[in-house]
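All remarks here apply to the structure that follows.
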Amino acid sequence: MKAKISDVAKIAGVSPTTVSRVLNNRGYISEETKKNVYKAMKEVNYFPNDIARSLFNKRTNLIGVIVPQTSNPFFGELVFHIESICASLNYKVLLCNSLNRTDKEEKYWEMLIRNQVDGVIAVTYNRGILDYHNQTLPIVSIDHYLSKKIPTVSSDNYSGGIQATELLISKGCKHIIHINGPIKLETPANLRRKAYECVMNEQGKTPITYEISNTFDRKIQQEVICKLFDEHPEVDGIFASDDLIAASVIVEAQKRGKDIPTELKVVGYDGTEASQALLPGLTTIRQPIESIAKKAIEILTKEVEGEFNDLPLETSLPVKLLEGTTT
């Protein structure tokens, strides 16, 4: 039979109210009383009712996390760190893998609201979802601008773009091309492209960019890369906006008999543990993924506590160039 709070109180020699106060950390309770209550809980195998406690505390200790897809190394590693940090703060995570579909994100938002999460960390491209639900949940966005009032955390994309482009130039590349995701999206990642264009212009070189309309569609990605090589056989340097695109570039280049790095040099962006393990020679710009997760949670918990004043609307964390054999 499932143990009740009254069973704990009887063994601990206190009232059920005292047990409740211990569990919810309300009012002054002596250390000896706390010790007796927790000992009694263990003896009868009693576990507090989280739903009841959330009603009492007006908190669920639940954090919603929306990402396009956890199979992507960047999002997978990001979610790992978010869950790990949240666990250390006694928060549970409700993970929503949206596949970047508006209909799925709408359902996930409704689910998170129904479960009364304390806040949401969102990595979503669909800004309209927030307006659709007219929600007032504390929210922090990672690498995407969802509104002018929602804090955004990202890596220093502009610095990363500068470092990648300058490296290719320093390696003697004359025909450098940048591949990026949808430029129409309002995301800090667009600064990678802006940085590339600025460096190219400063060096008196013509910037050439190729846009992948849906970076989650491998077929579209491959078509764009093939088009790039067909239209610019002279290309000798490519800065890809993420490591998966860089990997596809390398595969296609090898199919066409291009030697890397002699004939073509490639730089990626992300530097996840997975990409470094699978492509240890890839030169890339490493994002501080754990620090991004930590900062997002730090800002969100302040919002949950009602500390909205002086919260930074945009936080940009430093990146690191990892030079490998592809340059």
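Key figures for this structure:
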item	result
Debye intensity ratio I(q)/I(0), log10, the range 139-217, q values 0.11 Å⁻¹ (C-alpha model)	-0.33
Distant-in-sequence amide H partners of ASP156 (H built 1.01 Å from N, under 5 Å)	LEU317, VAL319
Distance violations [Cα-Cα > 25 Å] among LYS92/LYS294; LYS2/LYS107; LYS107/LYS149	LYS2/LYS107
Average accessible area per residue (Å²) across the range 224-266 - probe 1.4 Å, nucleic acids and ligands excluded	40
Nearest-ten-degree value, helix 218-231 long axis tilted from longest Cα axis of the chain	20
Computed over the range 269-308, Kirkwood Rh from alpha-carbon pairs, angstrom	11.9
Relative contact order computed over the range 106-219 (Cα-Cα under 8 Å; 6+ residues apart), in percent	22
Distant alpha-carbon pairs in the range 243-327 (separation over 21 angstrom), percent	46
Rg/Rh ratio calculated on Cα atoms of the range 227-266 (Kirkwood radius)	0.91
MET200, MET111, ranked by accessible area, largest first (probe 1.4 Å)	MET111, MET200
Reachable lysines, given that their alpha-carbon falls under 30 Å from the alpha-carbon of LYS205 and they are not under 8 places away in the same chain	LYS171, LYS174, LYS184, LYS194, LYS227, LYS255, LYS258, LYS265, LYS320
The range 200-267 - percent of accessible surface contributed by carbon and sulfur, probe 1.4 Å	46
Extension reserve of the PHE216-THR262 stretch, reckoned as 0.36 nm per residue once the Cα distance is removed	13.6 nm
Sequence-separation-based contact order of the chain, relative, with Cα cut under 8 Å and 6+ spacing, percent	17
Alpha carbon convex hull of the range 53-119, projected area averaged over orientations, nm²	4.5
Stokes-Einstein diffusion coefficient of the range 188-262, Kirkwood radius over Cα pairs, 10 °C, 1.306 mPa s, in µm²/s	119
Tail weight of P(r) past 24 Å, computed on alpha-carbon pairs of the range 172-327, percent	39
Distant-in-sequence amide H partners of ASN61 (H built 1.01 Å from N, under 5 Å)	ASP118
Separation in nanometres of the label points that stand 7 Å from Cα toward Cβ, at ASN90 and ASN309	2.7
Exposure rank, largest accessible area first [THR152, THR70; 1.4 Å]	THR70, THR152
LYS171 - accessible surface, heavy atoms, 1.4 Å probe, Å² rounded to 10	80
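The values are calculated or read from the model by the stated rules, or taken from the named source; none is laboratory data. Only a predicted model underlies this, so the values are computations on that prediction, with no experimental measurement involved. FYI the Cβ positions are ideal-geometry reconstructions off the backbone, even for glycines, and counts take in every protein chain you see. The protein model used for the area step is the full one, side chains on, heavy atoms only, and it has no ligands, DNA or RNA in it. Shrake-Rupley method; radii C 1.70, N 1.55, O 1.52, S 1.80 Å.
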